[in-house]
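The structure appears below as structure tokens.
Every number in this text was worked out from the coordinates using simple rules, so none of it is lab data. Bear in mind the structure is a predicted one, so any value in this text is a computation, not a measurement. When we count neighbours, we look across all protein chains shown, and the Cβ atoms used for this are built from the backbone with ideal geometry, even at glycine.
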Amino acid sequence: MFNMPKYTEPDFTQEKFMNAPDAAWEAVTVKGVAPENFHSTSMYPEYFKINGKWTLAKESRMDSSVVIGDEGELKVVENRNLEVGDKVITGRTENGEEGIYLHCTGFVDPKDEDSDQFVFRQGRSRETSYARDYDRLFELLNYEREHGNIVWVMGPAFSFDADARRAMQAMVENGYVDGIMAGNALATHDLEGAMFHTALGQDIYTQRSHPNGHYNHLDVINRVRRSGSIAQFVEDYKIDNGIMYSCVKNNVPFVLTGSIRDDGPLPEVIGDAYAGQTAMRGMVRQATTVICLATMLHTIATGNMTPSYRVLEDGTIRPVFLYTVDADEFVVNKLLDRGSLAATTIVTNVQDFIMIVAKGLGIL
């Protein structure tokens with residue numbers, strides 16, 4: 001049985017909060033440039049004293065500014081998106097002295113330091129026991145399928161294995177995927193698997209290389225570009241399997257962001273890094289659980305833009321669960337080193353991970 005962690009807000013009747021000044025602000029004078037001494041946000045809930053009242057920034061992400069709106073509402077804005085005249089909160093302390101308070105223990109039950117996902121843990125390795133993590137994840141995914149929004153951040157490793165593609169397709173078709181963020185390679189080689197049963201020319205089951213197989217993914221890219229979109233390619237070539245196929249057929253949105261090394265790329269791949277970040281941020285804004293798999297740069301980028309909390313329409317504050325899975329211990333612990341302490345990390349091959357998850361959910 002999944003139990004959602006309860007949020008406890010700060011006790012603003014304490015003297016330090018009552019006597020704290022309003023948060024200071026300065027207006028932006030140059031588009032895309034924050035004032036000196038701007039306050040930079042974190043992944044945690046942060047409160048700001050505005051006109052004598054402590055107000056929560058309802059959306060947040062790391063390394064951005066807080067803008068005071070005309071009605072006193074707070075908006076977290078990437079510095080590059082600041083407009084001239086925006087009222088940006090200033091101050092570098094976070095314990096109330098400057099009308100700014102960072103609340104990092106809102107989901108921690110003081111009676112149970114081992115409660116749910118918000119245990120601060122570091123240095124996990126291949127030898128760590130993950131049995132309880134998997135059981136919690138099964139419960140979480142079943143809950144989120146009905147009540148939340150699950151975003152998967154995926155490296156291309158999935159598309160190199162027949163069983164992993166099948167398992168992820170089953171996840172999409174059974175409602176456990178509300179969005180996918182990936183790069184050109186994941187989509188390209190998944191579609192290659194659908195058309196040729198290869199990835200980079202190797203059979204995705206036997207791993208045997210096909211003659212001239214190194215052309216397969218290039219032919220796929222060329223054909224998708226001729227079709228004009230992944231969805232039209234699926235239609236034109238009667239594609240009937242795989243991750244991208246299941247997203248198209250089940251209307252699951254995806255964000256594909258490019259890199260300097262991409263072949264092609266596919267038509268949907270966003271080549272502008274900042275436009276790609278904005279598109280990813282738009283998907284993260286809806287997420288209540290984010291699962292990052294075998295992609296270090298996408299994982300770190302997503303961790304930086306994912307808050308530890310979400311304010312629901314009824315005003316309820318709930319946690320955002322963040323998982324990171326990779327065969328490399330350095331990768332999963334790198335996210336923790338960057339301050340994303342609410343992440344649950346699992347060190348394993350992601351093909352094995354997704355098979356365990358799909359079977360644990362009873363969909364394979």
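Structure values in brief
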quantity	calculated
Angle in degrees between helix 131-147 and the longest Cα principal axis of the chain, rounded to the nearest 10	80 degrees
Residues Asp314, Asp135, sorted so that the one with the fewest Cβ neighbours within 10 Å comes first	Asp314, Asp135
Fully extended contour minus Cα-Cα distance, from Lys249 to Lys16, at 0.36 nm per residue	78.4 nm
Whole-Å semi-axes of the chain's equivalent ellipsoid (Cα gyration tensor)	40, 24, 16
Separation of the Val33 and Glu71 label points, Cα + 7 Å toward Cβ, nm	3.3 nm
Nearest 10 degrees, 0 to 90: helix 273-284 Cα axis against the chain principal axis	80 degrees
Compactness of the stretch 18-57 as Cα Rg over 2.2 N^0.38 Å, two decimals	1.34
Label point 7 Å beyond Cα of Ser229 along Cβ direction - residues of the stretch 261-298 with amide nitrogen under 13 Å	267-269
Label-point gap, in nm, between Ala24 and Arg126 - each point 7 angstrom along Cα→Cβ	5.3 nm
Residues Ser209 and Lys53, FRET efficiency given R0 of 56 Å [Cβ-Cβ distance, rounded to 0.05]	0.25
Charge-dipole axis of the chain as Lys and Arg at +1 and Asp and Glu at -1 on Cβ define it, positive-most pick from Ala162, Val30, Asn251	Ala162
Projected-area average for the stretch 282-336 over all orientations - Cα convex hull basis, square nanometres	3.7 nm²
Given charges at beta-carbon only (K, R positive; D, E negative), |dipole| of the stretch 129-229 in Debye	400 debye
Cβ-defined net charge surrounding Arg80, 15 Å radius [Lys, Arg +1; Asp, Glu -1]	-1
Cα long-axis angle, helix 184-196 against the chain (0 to 90 degrees, to the nearest 10)	30 degrees
Förster radius 25 Å - calculated FRET efficiency between Asp272 and Asp219 (Cβ-Cβ, nearest 0.05)	0.40
Semi-axis lengths (Å, descending) of the ellipsoid that matches the C-alpha gyration tensor of the stretch 15-102	20, 13, 11
